[in-house]
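K.L.:
Sharing a structure below in structure tokens format, with a few things to ask.
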Amino acid sequence: MDDAEGARGAPGRRPGETEDERLFSLPLPEARPAPTPDTWRVLRILGEFVEGFDTLAALPPGVTIFGSARTKPDDPLYLAATETARLLARAGFAVITGGGPGIMEAANKGAKAGDGVSIGLNIELPFEQGTNAYVDTAVNFRYFFVRKTMFVKYSVGFIVFPGGFGTLDELFEALTLIQTEKIKHFPLVLFGGAYWRGLVSWFRDTVAAERKIEPRDLEIFTVTDDPAEAVAAVTRARETLKAIAEKTAQARPGHGLW
């Protein structure tokens, strides 16, 4: 999911500010009080959480697929994302994306081809990004951080295809959540070895070498070019989580996993 890709210089910008822009705007001292103060904005944010929880709580275990909105249907990565999602659907996973074009569309298309659950979590942007035609259940968000919560809460893993800033944002957030053990037994699969080679080398040869991360942190993610291998990684995680839930009888309430 790479919503950030079209932001700069994209045609069709909506008039006015998005809700995220309003939230992050610092009011000038001489400005009059906003018609909707930030304290009242909390209710709108709460409403988005409620809508997301209510819509997604009954999902089967999900896997979120991220990647560039600019990937064309004849790109080998589009075809790989479609096949990966098809295999996920056949394995009983819900397929979750950002609901837009490119890799997101490919993944939702694959979910439909596999007779699975196809979810799109779209976001209000300064430019137009409609929900792709392969989404069965769509939830539209105004706030990125609410949407991010839904991606993590209703997924047992992420598969990240090549993308730009939006994709990298989701990738680094997942890396941080796993490293800090906010989420556990959560596979993070980077699809497309050639694309990710430079980043992985930088992690290993610079970040880990200078002890900015521990060498074991490089085990947080795996890299593959094989849809079946990507699906196997999240399938193993699902089985691990099921075993833990059965053993402890303390599965996360409302998660909708089992």
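K.L.:
Would you mind ranking ARG147, ARG236 so that the residue whose beta carbon has the fewest other beta carbons within 10 Å leads the list?
P.N.:
Final ranking by Cβ density, sparse to dense: ARG236, ARG147.
K.L.:
Would you list which lysines come within 19 Å of LYS247, measuring only between C-alpha atoms, while excluding same-chain residues fewer than 8 positions from it?
P.N.:
LYS184
K.L.:
Suppose every K and R has +1 on its Cβ and every D and E has -1 on its Cβ; what is the size of the dipole of segment 95-153 about the Cα centre, in Debye to the nearest 20?
P.N.:
220
K.L.:
Once you put a point 7 Å from the Cα of ALA138 and another 7 Å from the Cα of ASP115, both along the Cβ direction, what distance in nm separates them?
P.N.:
Using points 7 Å along Cα→Cβ, the separation is 2.6 nm.
K.L.:
Continuing with the same structure: Can you compute the FRET efficiency between ALA243 and THR39 using 1/(1 + (r/R0)^6), with r the Cβ-Cβ distance and R0 = 41 Å? Round to the nearest 0.05.
P.N.:
0.40
K.L.:
OK, next. Under 8 Å for C-alpha pairs, at least 6 residues apart: give me the relative contact order for segment 120-258, rounded to a whole percent.
P.N.:
It comes to 22 percent, rounded to a whole number.
K.L.:
Would you kindly compute the Cα radius of gyration of segment 110-149 and its largest Cα-Cα separation (Dmax), both in Å?
P.N.:
Calculated on Cα positions, Rg and Dmax stand at 11.5, 33 Å.
Rule-based calculations on the coordinates, nothing more; no lab input. Values in this document were obtained by computation on a predicted structure and should not be read as measured data. Cβ sites come from the backbone with ideal geometry, for glycine too, and all protein chains shown count toward neighbours.
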